[in-house]
Amino acid sequence: MAKVSGAVAVCVFLTGALGAVGCSSSESGAPSDGCVGSGSEALKTCAKGPTITGVDVSSYQGTVSWSKVKGAGREFAFARISDGLNSVDSKFAQNWPAMKAAGIVRGSYQFFRPSQDAGLQAQMVLDKLAAAGGLQPGDLPPVLDLESADGLAASVVVTKAKAWLTKIEAAIKVKPIVYTAAFMSNVIGTNFGGYTLWVANYQTTCPTMPSGWTDWHFWQNSDSGSVAGISGAVDSDFFNGTLPELKKLALAPVSQPVAPSVPDMTAFAAQPDLVFGDNTPNDGSQGATLGEGKTNDTNDTQSAVITPCR
């Protein structure tokens, strides 16, 4: 898919028919058996203006030449970490640093299995990211790929998905992204509308919104894209905005605490007549005294904390 430039007309309307959506956790790309749900009426939302393009990959794409992907105009990419707990993606450890080296805004996702332990799945995400070099400033938050109920009740799926999201957010201090589709609306309800949406919807000019959202940030519009540097078909994606807007969603640099200044005592050492800690009361005319320990409570017998920059 060619990179989209210029403005795209904004359109929001109701539709009674859903376009095809992605549901592929397996290596073959075939729909998973756990895909459920349908919608009789759903909101379609077109891009609000300029868009940029990206891809998402798994081991199914084999070894990717990320420099060629970047040269083809793809600005961002997501790489799969695993399908639940039992199928770790064999290419993630290779894809993660390679995307960064190519100058692509990178993200990661895990195909979530509600039938498996949510906390362990979240921990796998954190562990695999750390092993591959870790999350760094400029990376997108991890993605919960929520497209299967695994035959469980909606309330169980929601509870487990929330547990995954909570654990990841507690670890990285940023809200994760949720990937889902309109066919999951009767499972997820409106429980995840506060998260950044990556929506899947194929064979349409504007994606259908899952319940809980009226707009999207990412849109997986095809599972049959062709991009230089990737052998065979690949999932194709849009970001609803410009590259600077995309980077605003990424992790910001961690601010380092400013070390307190410490007085330079070398000048005092050169003055032998200067006496420290004499018994002259401080009447206020001398300014603050380092660690003098005065308090307003005469019953407080403990000294104040000594600080060199009070």
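The values are calculated or read from the model by the stated rules, or taken from the named source; none is laboratory data. Note that the structure is a prediction, hence the values are computed from the model and not measured. Reconstructed Cβ throughout: ideal geometry from the backbone, glycine too, with neighbour counts over all protein chains shown.
The table that follows gives values for the structure above.
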read-out	value
Residue within the stretch 144-158 that is charged (D, E, K, R) and either in a strand (DSSP E or B) or free of Cβ contacts under 8 Å to residues at least 12 places away in the same chain (or both) present	yes
Residue that is surrounded by fewer than 23 Cβ atoms within 10 Å (Cβ to Cβ) and in contact with a Gly (Cβ under 9 Å, 6 or more places away or on another chain), where the choices are 240, 191	191
Options 246, 197; residue that is assigned to a helix (DSSP H, G or I) and at pLDDT 95 or above	246
Residue 181 vs. criteria out of contact with any helix residue (DSSP H, G or I) (no Cβ under 6 Å at 6 or more places or on another chain), buried (at least 24 other Cβ atoms within 10 Å of the Cβ) and farther than 22 Å from residue 49 by Cβ	yes
Residue satisfying all of: in the stretch 195-219; of a type in the set (A, V, I, L, M) and touching a residue at least 40 places away in the same chain (Cβ under 8 Å); surrounded by the fewest Cβ atoms within 10 Å (Cβ to Cβ) among these	209
The stretch 76-103, residues that are crowded, with 20+ Cβ neighbours inside 10 Å, touching a Gly at 6+ places or on another chain (Cβ under 8 Å) and either of a type in the set (Phe, Trp, Tyr) or in a loop (DSSP other than H, G, I, E, B) (or both)	76, 78, 96
Residues within the stretch 159-194 that are part of a loop (DSSP other than H, G, I, E, B) and either free of Cβ contacts under 8 Å to residues at least 40 places away in the same chain or within 16 Å of residue 122 (Cα to Cα) (or both), tallied	9
Qualifying residue in the stretch 110-121 (condition: assigned to a strand (DSSP E or B) and at pLDDT 95 or above)	yes
Enumeration of residues in the stretch 165-190 that are under 18 Å from residue 141 (Cβ atoms) and out of contact with any strand residue (DSSP E or B) (no Cβ under 8 Å at 6 or more places or on another chain)	166, 167, 169, 170, 171, 172, 173, 174
Residue within the stretch 116-136 that is closer than 19 Å to residue 235 by Cα, touching a residue at least 60 places away in the same chain (Cβ under 8 Å) and not aliphatic (A, V, I, L, M) present	no
